[in-house]
Amino acid sequence: MNNSDQLHELLVDFFDLPADIPLEQITQEAIGSWDSLAMVQLIADLQGTFRVEFDLDEIERLRSYDEISHALSRKGVSLKGQ
């Protein structure tokens, strides 16, 4: 499984989403259970899974699949086909 698939699976499992959800629909606004407590747990899962650390400024911007994938890419995590 590549990192892109792993990120998609992590978010789908974490928020109990349908597996075929379009990536652009994975946003904090669209997912009612994406509250502050879920955010703390999600950050811990992301950091553990991808072995990265996010600072507070980065965490404040992680509100969608796109923003998370860009942040991971900036940390050196390749989300392209492997």
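The values are calculated or read from the model by the stated rules, or taken from the named source; none is laboratory data. Just so you know, these numbers come straight off a predicted model, no measurement behind them. Ideal geometry is used to build each Cβ from the backbone, glycine not excepted, and the neighbour counts take in all protein chains shown.
Per-structure values
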quantity	calculated
Cross-chain or 6+ apart pairs with Cβ under 8 Å, region 13-26 first and in contact (Cβ under 8 Å) with a residue 24 or more places away in the chain, then charged (D, E, K, R)	Phe14/Asp45; Leu23/Asp66; Glu24/Asp66
Checklist (1) more than 20 Å from Leu79 (Cα to Cα); (2) touching a Phe, Trp or Tyr at 6+ places or on another chain (Cβ under 6 Å) applied to Trp34, failing item	(2)
Qualifying residue in region 25-32 (condition: closer than 19 Å to Met1 by Cα and charged (D, E, K, R))	no
Residue match in region 6-23 (condition: surrounded by fewer than 11 Cβ atoms within 10 Å (Cβ to Cβ) and part of a helix (DSSP H, G or I))	no
Selection from region 41-82 of residues that are out of contact with any helix residue (DSSP H, G or I) (no Cβ under 9 Å at 6 or more places or on another chain) and part of a helix (DSSP H, G or I)	Ala44, Gln47, Gly48, Leu56, Asp57, Glu60, Ser73
Residue within region 34-42 that is at pLDDT 95 or above, buried (at least 16 other Cβ atoms within 10 Å of the Cβ), more than 13 Å from Leu10 (Cβ to Cβ) and within 13 Å of the chain's Cα centre (by Cα) present	yes
